[in-house]
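What follows is one structure encoded as structure tokens, with my remarks underneath.
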Amino acid sequence: METIYDKSEAGKQGTAYPENRFSEDEPGEELDSDLFRNEDPELPEVSQPELIRHYTKLSKKNYGVDDGLYPLGSCTMKHNPKPMEDIAAKERFSGHHPLASADVVQGNLKLAYQLGEYLKDIGGMDGITLQPAAGAHGELTGMLMIRKYHAENDGLDQRNKILLPDSSHGTNPASAAVAGFDAVEIESNEEGTVDLDQLRQAVGEDTAGIMLTVPNTLGIFEKDITEVAEIVHEAGGLCYFDGANLNAFLGRVRPGDIGMDITHFNLHKTFSTPHGGGGPGAGPVGVKDRLVPYLPVPTVEKNDERYEFDYDRPESIGKVNSFPGPFGVMVKAYSYIKALGDQGLRDVSGNAVLNANYLKEKLKEDYRVAYEGLCKHEFVLSGSDLGEDVKTVDVAKRLLDYGYHPPTVYFPLIVKEALMVEPTETESKESLDEFVEAMKEIAREAEEDPDLLHQAPSDTPVGRLDETQAAREPVLRWEEE
Ligand SMILES: *Cc1c(COP(=O)(O)O)cnc(C)c1O
């Protein structure tokens, strides 16, 4: 692939400024000589059109949710309304200095406070922090609060285990471990939900809590969740609800009403911030009363008609992010909730579940469904009984030739040759039907011409990559050979 350096030709220039920009009577400031470099950096010398065309070409080799369906399970790659981007970019939101005093940012603090109130209402929670910058960051924040709770109530050495179903999201055990807990796995039953007998055996005096991904990574709602909560609470543990995929039940179920003590929200996924590309995202965490004292500082509070940061929280776990947290994301979430209203939010989950079930029913004519029955926002197929030697990875690579970003593959680990599909609520029936056509075509090819799949992709800028090498020995910057 050609880099911008390959186009470089000595003497070419992309800008045209006058030689001496300062007039005699308006001299430029002289810089101290130690601020100068000894050597000029080696920059590509290209004309402006060459530069623009180079990067425009590169951008066209990319694929994003604005190009087409992006059915990446567990990741909610959906269309997010552009007006919310517009609002967040407005000077009055984006232009404030992060250290500006509360007096000059009353409007921003009010927005943050109200967003917190909405999220508490949506999650059925009593307190909230808007600080965490991602879902996993929210999990860690929640785990630290659980630690602090037990440290103050039972003594920490005693309760050091977090229970995790084998269908939980990959970040869950990682967050528990980073917070200093031992992660203990619980197997799922045949229906793909928590096995209550196993859970009863697993809980004890060392149980700090349970982390439940809901719906779990099989796209299934934990139907026994209130019993799960009872069992864990009785043993003295707390219940953490991973609400990253809230679009599966938004406006219909509130974690706080079904026994959950903590939940995080992924504003990037559910509330109008694009997911992926490295952020910024936001993972606010809601808690029930008994955990409110441990929330990170500062919280945003309302006193009479004034909004302020509250740092005076002696039992807080401390700070988890700089400044007020990811404010631009809060603006988008706030505008999205305002724009949709109660019914609009309910429709989000209605459409997410309808789309997923529609797609599942269509695809199961050609692909094995890992778990039958109604799914929520996503479902898992298995590529284990396709044509000869055809694997899930081949289907995923072939989808690239059809112009699609593939679904999540080989996750969750409990399904062999897993293919995890999340269409999201923003796809139309037409776009789902087109995707079904492509998947059917690929199933046919798997039977008739497996080599076509083994060699895929062939219509993309690069062919099949050595993914093991890419993961183990990533080359993250370009170097001259
Ligand atoms: C995406 C996701 C997370 C992690 O969120 P990040 O913002 O990527 O850290 C956690 N749990 C579930 C169920 C998720 O889908």
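The values are calculated or read from the model by the stated rules, or taken from the named source; none is laboratory data. Remember, predicted model here, so these are calculated numbers, not experimental data. Cβ: placed from backbone, ideal geometry, glycine included. Neighbour counts: every protein chain shown. Side chains included, ligands, DNA and RNA excluded: accessible areas come from the protein's heavy atoms. Shrake-Rupley method; radii C 1.70, N 1.55, O 1.52, S 1.80 Å.
Sorted by average packing, counted as other Cβ atoms within 10 angstrom per residue and highest first, what order do 199-211, 384-396 take?
199-211, 384-396
Accessible area per residue of the chain at 1.4 Å probe, in Å²?
Values: 24720 Å² over 481 residues.
That works out to 51 Å² for each residue.
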Got a sec? Which residues in the stretch 96-132 would a label at Asp342 touch, if it sits 7 Å along Cα→Cβ and we count backbone N under 18 Å?
-> 117-125
Looks like the stretch 82-340, by Cα gyration tensor root eigenvalues a ≥ b ≥ c and the a/c under 1.5 rounded cutoff (else prolate when a/b is bigger than b/c, oblate otherwise), is prolate
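Rounded to the nearest 0.05, what FRET efficiency do Glu230 and Tyr63 give with R0 = 45 Å and r taken as the Cβ-Cβ distance? Could you check?
On the way: r = 46 Å, r/R0 = 1.01.
Once rounded, the FRET efficiency stands at 0.50.
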According to the square roots a ≥ b ≥ c of the eigenvalues of the Cα gyration tensor, what is the shape class of the stretch 31-107, taking rounded for a/c under 1.5, prolate for a/b larger than b/c otherwise, and oblate for the remainder?
-> oblate
Specify the inter-centroid distance of the stretch 146-201 and the stretch 374-394, based on alpha-carbon positions, in whole Å.
-> 29
DSSP beta bridges in the chain [antiparallel fraction, %, rounded to 5] | 55
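Of the heavy-atom accessible surface of the chain (probe 1.4 angstrom), what whole percent is carbon and sulfur? Intermediate results must be reported in sequence, preceding the final value.
On the way: 11840 of 24720 Å².
That fraction is 48 percent.
What FRET efficiency do you get for Tyr358 and Thr3 if R0 is 56 Å and r is their Cβ-Cβ distance, rounded to the nearest 0.05?
In this case the efficiency is close to 0.80.
Note the full-extension length gain between Gln455 and Asp86 as 0.36 nm times their separation in residues minus their Cα-Cα distance, in nm to one decimal.
Numbers: separation 369, 0.36 × 369 = 132.84 nm, distance 4.27 nm.
The span from Gln455 to Asp86 would gain 128.6 nm if fully extended.
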For the chain, calculated [θ]222 nm from helices alone, where every DSSP H run of n ≥ 4 adds -39500 (n - 2.57) | -11000 deg cm²/dmol
Within 10 Å, count the other beta carbons around each residue, average over each peptide in 340-352, 265-277, and list them highest first.
-> 265-277, 340-352
Is the chain rounded, prolate or oblate when judged by the Cα gyration tensor, a ≥ b ≥ c being the square roots of its eigenvalues, rounded requiring a/c under 1.5 and prolate requiring a/b larger than b/c?
-> oblate
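Counting only DSSP beta bridges with both residues in the stretch 238-347, tell me the antiparallel percent, nearest 5.
Antiparallel bridges make up about 60 percent of those DSSP assigns within the stretch 238-347.
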Just report the Cα centroid separation between the stretch 323-344 and the stretch 56-88, whole Å.
-> 18
Pulled fully out, how much extra length does the chain show between Lys319 and Glu448, if you take 0.36 nm times their separation in residues and subtract their Cα-Cα distance?
-> 40.6 nm
